[in-house]
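Chemist: Sharing a structure here in structure tokens format.
The values are calculated or read from the model by the stated rules, or taken from the named source; none is laboratory data. In this text the structure is predicted, and so the values were computed from the model without any measurement. We place every Cβ from the backbone using ideal geometry, glycine too, and count neighbours over all the protein chains shown.
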Amino acid sequence: MITQLEIKLKYQSEEKLNYNISSVMHGILMGHIDRAYGERMHEDGLKPFVQEVCNIKEDEFIWRICTMTEEAKIQIIEPLMKMDQFYMKHRELRLKVCERNLKEISYDTLIENYYFEEQPRNITIKFCSPTAFKSQGNYIFMPTVRLIFQSLIHKYDTFSSGTMVGSEETLEHIERYVMITRYHLRSVNFSLEGVRIPAFVGTITMRVKGPQQLVNLIKMLAVFGQYSAVGIKTALGMGRIQIGV
């Protein structure tokens, strides 16, 4: 089960916040969960949650947390649901909870609604927060079809139960039949503990050729990506995507 929690937080500050506070919010999140579970989340490997900030205004923003498993929901979402405010220590800011929105969707529902229904061949992905990939130890801050769907398949197959969609053959088919037909991207940096990670934001449009089953798979993975995010450091606020037709 995938669970998404959106918390609207009010704050008072002369300085408007920006997306780089996502890594600070990660620290706040870790401070409100069980210590043993938190230690597990510091280990290498895919994390069963993502979080980031969005819709930042002069006095409020949305904190969005998505968990990919039932255990992560219990360990992360449920403690946060009990909080009325949070404290951002390094800025001495109190963040007051003024609204919560909880949404759940099962992996079976994703399959039924997207994989088993005919989907359009064109799809647009908007990279809303700084996004990057890593290959052979290097940061890659330009999207490719393979990097996008390799990331999404890895996340999906790791956290879904009973359904596996990935293989090298699947990736080869995706590379062969999915083409980027339009893009509008710009490079940005994501600041993390004094290090600037090269990344990008913007939109790409893709067209899927080949069998309809592949078209449906691409749409299902893209919809999943709206919850899981894509690329590296998604638990720290990178890689949020939205899709359109």
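Chemist: Within segment 149-165, count every residue that is more than 22 Å from Thr124 (Cα to Cα) and either assigned by TED's automatic domain parsing to the domain that holds Phe49 or buried (at least 17 other Cβ atoms within 10 Å of the Cβ) (or both).
Modeler: Adding up the residues that qualify gives 2.
Chemist: Going by what's in this entry, would Val195 be described as assigned by TED's automatic domain parsing to the domain that holds Ile111 and either exposed (fewer than 13 other Cβ atoms within 10 Å of the Cβ) or touching a Gly at 6+ places or on another chain (Cβ under 7 Å) (or both)?
Modeler: Against the criterion (assigned by TED's automatic domain parsing to the domain that holds Ile111 and either exposed (fewer than 13 other Cβ atoms within 10 Å of the Cβ) or touching a Gly at 6+ places or on another chain (Cβ under 7 Å) (or both)), Val195 qualifies.
Chemist: Scanning for something within 17 Å of Tyr107 (Cβ to Cβ), modelled with pLDDT of 90 or more and not aromatic (Phe, Trp, Tyr), does segment 37-50 turn up at least one residue?
Modeler: Within segment 37-50, one or more residues are within 17 Å of Tyr107 (Cβ to Cβ), modelled with pLDDT of 90 or more and not aromatic (Phe, Trp, Tyr).
Chemist: Tally time: how many residues in segment 130-158 are in contact (Cβ under 8 Å) with a residue 12 or more places away in the chain and touching a Leu at 6+ places or on another chain (Cβ under 8 Å)?
Modeler: Of the residues in that region, 13 qualify.
Chemist: May I pose another question? If you check Ser187 against the conditions, is it surrounded by 14 or more Cβ atoms within 10 Å (Cβ to Cβ) and under 28 Å from Trp63 (Cα atoms)?
Modeler: no
Chemist: Mind checking which residues of segment 63-107 are on the phi < 0 side of the Ramachandran plot and either of a type in the set (Gly, Ala, Ser) or free of Cβ contacts under 8 Å to residues at least 24 places away in the same chain (or both)?
Modeler: Across segment 63-107, the qualifying residues are Glu71, Ala72, Ile74, Glu78, Lys82, Asp84, Gln85, Lys89, Ser106.
Chemist: Quick one: Gln75 ticks every box in (1) among the polar types (S, T, N, Q); (2) out of contact with any strand residue (DSSP E or B) (no Cβ under 6 Å at 6 or more places or on another chain); (3) under 25 Å from Gly225 (Cβ atoms); (4) at pLDDT below 90 bar one, so which box is it?
Modeler: The one condition Gln75 does not meet is (4).
Chemist: Here's a check for you: in segment 80-114, which residue that is buried (at least 18 other Cβ atoms within 10 Å of the Cβ) and not aliphatic (A, V, I, L, M) is farthest from Ile241 (Cα to Cα)?
Modeler: In this case the residue turns out to be Phe86.
Chemist: Inspect segment 208-226 for any residue being part of a strand (DSSP E or B), among the polar types (S, T, N, Q) and under 21 Å from the mean Cα position of the chain (by Cα) and give the result as yes or no.
Modeler: No, that holds for no residue.
Chemist: Determine if segment 207-223 includes at least one residue that is surrounded by fewer than 19 Cβ atoms within 10 Å (Cβ to Cβ), touching a Gly at 6+ places or on another chain (Cβ under 8 Å) and not assigned by TED's automatic domain parsing to the domain that holds Tyr19.
Modeler: No.
Chemist: Another question, then. Could you please let me know if Ile62 is modelled with pLDDT of 90 or more, surrounded by 13 or more Cβ atoms within 10 Å (Cβ to Cβ) and within 20 Å of Ser22 (Cβ to Cβ)?
Modeler: yes
Chemist: Please work out which one of (1) farther than 26 Å from Leu152 by Cβ; (2) of a type in the set (A, V, I, L, M); (3) out of contact with any strand residue (DSSP E or B) (no Cβ under 9 Å at 6 or more places or on another chain) is the condition Leu46 fails and give its number.
Modeler: (1)
Chemist: Please go through segment 33-64 and give me each residue that is among the polar types (S, T, N, Q) and either assigned to a loop (DSSP other than H, G, I, E, B) or not assigned by TED's automatic domain parsing to the domain that holds Asn18 (or both), ordered by number.
Modeler: Within segment 33-64, just Asn55 meets the criteria.
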